[in-house]
Amino acid sequence: MQRRPWDCPRQKHKAGNGGLSKDKQANTARSTLDASLPALSLSALGVVFGDIGTSPLYTLKTVFALTGEKPDPIITLGVLSLVIWTLILITTVKYVSFAMRVDNDGEGGILALMALLGVKREHRPIVVAVGLFGAALIYGDGAITPAISVLSALEGLNIATPAIQSYVLPAAVTILIALFALQPQGTARIGRTFGPFMALWFLTLAVLGIRGILQHPSVLVAINPSYALRYLFSGHVGSFLVLGGVFLCVTGAEALYADMGHFGARPIRLAWYALVFPSLVLNYAGQAALVLEGAPTTDNIFYRLCPSLLLMPLIALATIATIIASQSIITGAFSMTRQAIQLGWLPPMWITQTSAEGYGQIYVGVVNWLLMIATVGLAIGFRKSDNLAAAYGIAVSATMLMTSALLFLAMRDIWRWSVLASAAVAGGFLTVDASFFIANLTKIAEGGYVPLVLAACVYFIMVVWHTGSAAVAERLQEAVVPIGEFMQKIKEAHIPRVPGTAVFLTRTRRDVPPVMVWHLKHNRALHQNLFVLTVNTQSVPRIKEDERLTFDEIAPNFWRASARYGFMQRPNIPALLKNAHMRGCNIALNDITYYVGHETVIPRRDRKGLPRWLETLFAFMQRNSSHLTDYFRLPSDAVVEIGRQIAI
């Protein structure tokens, strides 16, 4: 990259590394990572694996209900084999082995993947549509996960003390409301205990599973995939529809990829292979062994693995585990919302940083309360985890299907695989995902429409906001004034120049922005130093500090600047100006006034603008979005908002 005249030359420092060679530095960094690897893996247990880790509470119970007949050994072993190989093919092979190798500067998830592929090909609307709808579906998952998880945990009380069955739903609703009500406090303190609790939970799953297997050891033959294939292709339509229930065992697999940026790929892989995967397989096998022994499948099979004396402590532990799983999906929804805002697909919202320890510790009030309303409504409306299971799988299976489609493009564009190799691998993933998605489509009438409706609403909001924002930016670009013409008018009109620095934030990328023109029109004066700044969010998670700011002095004491941030970074304009001052921009840091345009959107009269309904919705969202002052961390007592009307 060509160095600009105002860029500071890079200095070579020996004191920082004690004279170590590059190889020794790399070995030191590697040993530090290795030393922290177990600790990171333990932390990942509480954030990444909560959803998939609580799936044994309801998966086999739901699957056996879908078989429509009393499970015999062929059905039981076939179902268990399907569950085991679903965990292997989707979670282990697709996500752990393949998807986690495609990262956007360390970040994972469908939005990060969409942004990465968008960088590779600028004009790819299908990629954007697939990525956005996949992200929107995760909000549907976020509403259902807390409801089904907490309900399924508390339903163990029906076995322990059937007399209190009527209190299960009120207790679940109370826990859910309390969970969302505590979100503004942040999860930094609670998060430290998540990992150890989930480690205890997975060890409990393994011990209970071994206890069940010892009662019928032959259940382990289900590791042979022939049992799954034999049952799946037995000729019964019901054997294929059972996939809709089997899919519940991997509903948290997308989190492995989405949360990769928090911990890195290695800690997640270690936790999966060393503890999570073996514990899940053992527990599912233990439950299937009880069914082979003749245990009823009408109630919760999971709790029948536990001795009666330890049932209440297990219910308490399961409830804590489901709360942790719910917390993880809520935090994920907050993080995804911030990514969508910074990529320009959602309106600015008030985001609170609840902890200085981690960038991911945030709170988004609007998302929190809307999720709470949806979650509590689902719990009350469906009443039982069995009923909610019908609505659960379709959102996640659709997201996974879209991720597989994007992985095919990643294999071609990023890994440079041949079409044949990419089609073979991604085609296998698509076939498996499509099978689960089609099986889940039969649940639409039973509640599967709920996450689809929620996703459609979120996707609609994203498209409206992005379209309206693009129209506003286009109109503003039309209103810029050439710099030469502007400076000539200032000179001819003898406009007074007052001491200090005026910083104008604008979306325009050239010449004099409308916000400065309107300021001059109404105030008839300009500051001595003028600094016009455009902030751009790139389709990468982070931009290095030395590559963030570029500026040029386009007239005496008049600078035009552009700042680039990643979608995982929050702009800090005062800090940016200090950096510009250090690099030779002669602005008065102790006397700065920030000018921000506040647009009021109105319809165009020439009928060439956006449809009236779209303009009305965008204007409503813009009026209710948070101000740029908060987003850019501007000092509120130094900000002047200039109102203007924009016809789109």
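The values are calculated or read from the model by the stated rules, or taken from the named source; none is laboratory data. Source: prediction; values computed, not measured. Here Cβ is always computed from backbone atoms with ideal geometry, including for glycine, and neighbour counts include all displayed protein chains. Protein only, heavy atoms only, side chains kept; ligands, DNA and RNA dropped before computing areas. Shrake-Rupley method; radii C 1.70, N 1.55, O 1.52, S 1.80 Å.
Look at (1) at pLDDT below 85; (2) under 16 Å from ASN557 (Cα atoms) and you find that LEU533 fails only one, number (1). Within region 264-286, residues that are over 17 Å from VAL93 (Cβ atoms) and among the hydrophobic types (A, V, I, L, M, F, W, C) sit with their Cβ atoms under 7 Å from residues that are open to solvent by 40 Å² or more (accessible area, probe 1.4 Å) and in a helix (DSSP H, G or I), at 6+ positions apart or across chains, in these pairs: LEU282/ILE210; ALA285/LEU220. Among the numbered conditions (1) in a helix (DSSP H, G or I); (2) hydroxyl-bearing (Ser, Thr, Tyr); (3) modelled with pLDDT under 90, the only one that THR204 does not meet is (3). Please verify whether region 253-263 includes one or more residues that are modelled with pLDDT of 85 or more, among the charged types (D, E, K, R) and within 23 Å of ALA147 (Cα to Cα). Checked region 253-263: no residue is modelled with pLDDT of 85 or more, among the charged types (D, E, K, R) and within 23 Å of ALA147 (Cα to Cα). Among the residues examined, PRO125 does not qualify as under 30 Å from ALA456 (Cα atoms), exposed (fewer than 15 other Cβ atoms within 10 Å of the Cβ) and touching a residue at least 40 places away in the same chain (Cβ under 8 Å).
When you look at GLY344, is it open to solvent by 20 Å² or more (accessible area, probe 1.4 Å), touching a helix residue (DSSP H, G or I) at 6+ places or on another chain (Cβ under 8 Å), of a type in the set (Gly, Ala, Ser) and not in a helix (DSSP H, G or I), yes or no?
yes
Considering the conditions (1) open to solvent by 40 Å² or more (accessible area, probe 1.4 Å); (2) under 13 Å from LEU89 (Cβ atoms), TRP415 is excluded by exactly one of them, (2).
So ARG211 clears everything in (1) surrounded by 14 or more Cβ atoms within 10 Å (Cβ to Cβ); (2) at pLDDT below 80; (3) more than 23 Å from the chain's Cα centre (by Cα) except one condition, right? Which one? Of (1) surrounded by 14 or more Cβ atoms within 10 Å (Cβ to Cβ); (2) at pLDDT below 80; (3) more than 23 Å from the chain's Cα centre (by Cα), only one is false for ARG211: (2). Does region 596-605 contain any residue that is of a type in the set (A, V, I, L, M, F, W, C) and at pLDDT 90 or above? Scanning region 596-605, I find no residue that is of a type in the set (A, V, I, L, M, F, W, C) and at pLDDT 90 or above, so the answer is no.
When residues in region 526-581 are screened for being in a strand (DSSP E or B), over 32 Å from the mean Cα position of the chain (by Cα) and not basic (Lys, Arg), 14 of them pass. Return a yes/no flag: does region 286-295 have any residue that is out of contact with any Lys or Arg (no Cβ under 9 Å at 6 or more places or on another chain), at positive phi and surrounded by fewer than 24 Cβ atoms within 10 Å (Cβ to Cβ). Yes - at least one qualifying residue is present in region 286-295.
Only residues that are of a type in the set (A, V, I, L, M, F, W, C), outside any helix (DSSP H, G or I) and touching a Gly at 6+ places or on another chain (Cβ under 7 Å) were counted across region 400-457, and they come to 0.
Taken over region 459-491, the criterion of being of a type in the set (S, T, N, Q) and closer than 16 Å to GLN342 by Cα is satisfied by THR467, SER469. If CYS457 satisfies every condition in (1) more than 23 Å from ILE148 (Cβ to Cβ); (2) surrounded by fewer than 15 Cβ atoms within 10 Å (Cβ to Cβ) but one, which is the exception? Among (1) more than 23 Å from ILE148 (Cβ to Cβ); (2) surrounded by fewer than 15 Cβ atoms within 10 Å (Cβ to Cβ), the lone unmet condition for CYS457 is (1). Restricting attention to region 495-515 and to residues that are within 37 Å of the chain's Cα centre (by Cα), at pLDDT below 90 and among the β-branched types (Val, Ile, Thr), the residue that is nearest to LEU533 (Cα to Cα) turns out to be THR506.
Considered as a group, the residues in region 361-403 that are within 22 Å of GLY261 (Cα to Cα) and in contact with a Ser or Thr (Cβ under 9 Å, 6 or more places away or on another chain) include one that is most open to solvent (accessible area, probe 1.4 Å), and that residue is GLN361.
Given the conditions (1) surrounded by fewer than 19 Cβ atoms within 10 Å (Cβ to Cβ); (2) assigned to a loop (DSSP other than H, G, I, E, B), which single one is not true for THR593? Only one criterion in (1) surrounded by fewer than 19 Cβ atoms within 10 Å (Cβ to Cβ); (2) assigned to a loop (DSSP other than H, G, I, E, B) is unmet by THR593, namely (2). Identify the single condition in (1) over 22 Å from the mean Cα position of the chain (by Cα); (2) in a helix (DSSP H, G or I); (3) surrounded by fewer than 19 Cβ atoms within 10 Å (Cβ to Cβ); (4) not aliphatic (A, V, I, L, M) that TRP85 does not satisfy, given that it satisfies every other one. It is condition (3) that TRP85 fails. Under the condition of being closer than 24 Å to ALA455 by Cα and buried (at least 23 other Cβ atoms within 10 Å of the Cβ), which residue from region 316-329 is modelled with the lowest pLDDT? Among them, the one singled out is SER328.
Could you say which residue among ALA426, ALA434, ALA421, ALA439 is crowded, with 21+ Cβ neighbours inside 10 Å and modelled with pLDDT of 90 or more?
ALA426
Restricting region 627-647 to residues that are open to solvent by 30 Å² or more (accessible area, probe 1.4 Å) and part of a loop (DSSP other than H, G, I, E, B) leaves a set whose member that is modelled with the lowest pLDDT is HIS627.
One line per residue, one yes/no per condition, for (1) open to solvent by less than 10 Å² (accessible area, probe 1.4 Å); (2) over 27 Å from ILE323 (Cβ atoms):
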| site | (1), (2) |
| --- | --- |
| SER43 | no, no |
| THR54 | yes, no |
| TYR58 | yes, no |
| VAL93 | no, yes |
| VAL96 | yes, no |
| ALA129 | no, yes |
| PHE133 | no, yes |
| VAL150 | yes, no |
| ALA153 | yes, no |
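Taking residues in region 384-404 that are of a type in the set (Asp, Glu), and partners anywhere that are open to solvent by 10 Å² or more (accessible area, probe 1.4 Å) and assigned to a helix (DSSP H, G or I), the pairs with Cβ atoms closer than 8 Å and at least 6 places apart or on different chains are ASP386/LYS61; ASP386/THR62; ASP386/ALA65.
Scanning region 463-496 for residues that are part of a helix (DSSP H, G or I), free of Cβ contacts under 8 Å to residues at least 60 places away in the same chain, over 30 Å from PRO348 (Cβ atoms) and not small (Gly, Ala, Ser) yields a count of 6.
When VAL535, VAL540 are checked against the criterion of being open to solvent by 30 Å² or more (accessible area, probe 1.4 Å) and under 22 Å from LEU634 (Cα atoms), a single residue qualifies: VAL535.
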